[in-house]
1. Looking at the chain, which longest stretch skips every one of the chymotrypsin sites (Phe, Trp or Tyr not before Pro) that is in a DSSP loop with at most 13 other Cβ atoms within 10 Å, leaving the sites themselves out?
2. Return the carbon/sulfur percentage of the accessible area of region 180-229, one whole number, probe 1.4 Å, all protein chains in place.
3. Calculate, for GLU206 and ARG82, the FRET efficiency according to 1/(1 + (r/R0)^6) with r their C-beta to C-beta distance and R0 45 Å; round to the nearest 0.05.
4. For region 1-56 and region 88-122, what is the separation of their C-alpha centers, rounded to whole Å?
5. Taking GluC sites (Glu not before Pro) as exposed when DSSP calls them loop (any state but H, G, I, E, B) and at most 14 other Cβ atoms lie within 10 Å, what is the longest stretch of the chain free of them, the sites themselves excluded?
6. For Cα Rg over 2.2 N^0.38 Å, several values are listed as (i) 0.97; (ii) 1.01; (iii) 1.12; flag the one computed from this structure.
7. With +1 assigned to the C-beta of every Lys and Arg and -1 to the C-beta of every Asp and Glu, and no other charges, what is the dipole magnitude of region 173-229 about the Cα centre in debye, to the nearest 20?
8. Please check the chain for the longest run free of trypsin sites (Lys or Arg not before Pro) that are loop-located per DSSP (anything but H, G, I, E, B) and have at most 10 other Cβ atoms within 10 Å.
Amino acid sequence: MNNILIVEDEDSIRGFIKINLKRHGFHILEAPSGEEALSILHQQKVDVILLDVMLPGIDGFEVCRKIREQNETIGIIMLTARTQEVERVHGLALGADDYMNKPFSPTELIARIQSLLRRISVHGKVPIATKQTEFPLNPKTKQITMNGKITDLTPTEFALIQLLMRNKNQPLSRNDLLDEVWGLDYPGDTKIVDVNIRRIRQKIEENPSNPKWIITVWGYGYQWAENSN
């Protein structure tokens, strides 16, 4: 049974989410503030966090940042009533895996959670053969080793880089990446791909503004450019 932590200060919203998630067999943990959420994470295993942006005390963005400083493997879906694109991009850049605007339907929320859980589990079951890449990925820890340096990746980052590596030197469109990593039924747009690629480049590229490994195919998508540098 997957543990889902709901971080939401409004009791009615938190209760509504809890009821719907329990119907789908999830075990629910609750926190009305960011401080309580961080405390729970130090005590219990959590698979996915539903993290509201507007919280008393430290806000959801700061909670997300603090979580990613300590743990790259937990799935994070941010919830907000804000609709500005800059807010969505900011949350994703801090390490969130997905972003949902309020109000949302329970069906869509369940679909997003299940998609994220697939990224956490499915992409971690089959390791990439060493003959396929110079840089081994560890599916269990969601880490990549490059030039002797071990780097932690979020579940979404890991799924993206794994897919790119398996198709090295072949361009993949943004839509292909979105379908394979987020799922065919994902209702979001391709901007989430771009934000995650930028985040990966910040972690693995010596010069993220002039990437050596994850190359942009302008007007199309991205490719892993191994053995072509």
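1. Numbers: sites that count: PHE104, TRP218, TYR220.
Longest run free of exposed loop sites: 105-217.
2. Values: 1240 of 2680 Å².
Percent of accessible area from carbon and sulfur atoms in region 180-229: 46.
3. On the way: r = 35 Å, r/R0 = 0.77.
The formula returns an efficiency of 0.85 here.
4. Using only Cα atoms, the two centres lie 14 Å from each other.
5. Working: sites that count: GLU10, GLU134, GLU206.
Excluding the exposed sites themselves, the longest stretch runs over 11-133.
6. (ii)
7. Details: 7 positive and 9 negative charges, 62 e Å.
Its charge dipole is roughly 300 debye.
8. Numbers: sites that count: LYS45, LYS125, LYS140.
Between the exposed loop sites, the longest stretch runs 141-229.
The values are calculated or read from the model by the stated rules, or taken from the named source; none is laboratory data. What you see is a predicted model; the values in this text were computed from it and never measured. All Cβ positions, even for glycine, are placed from backbone atoms using ideal geometry, and neighbour counts span all protein chains on display. Surface accessibility is based on the protein's heavy atoms, side chains included, excluding ligands, DNA and RNA. Shrake-Rupley method; radii C 1.70, N 1.55, O 1.52, S 1.80 Å.
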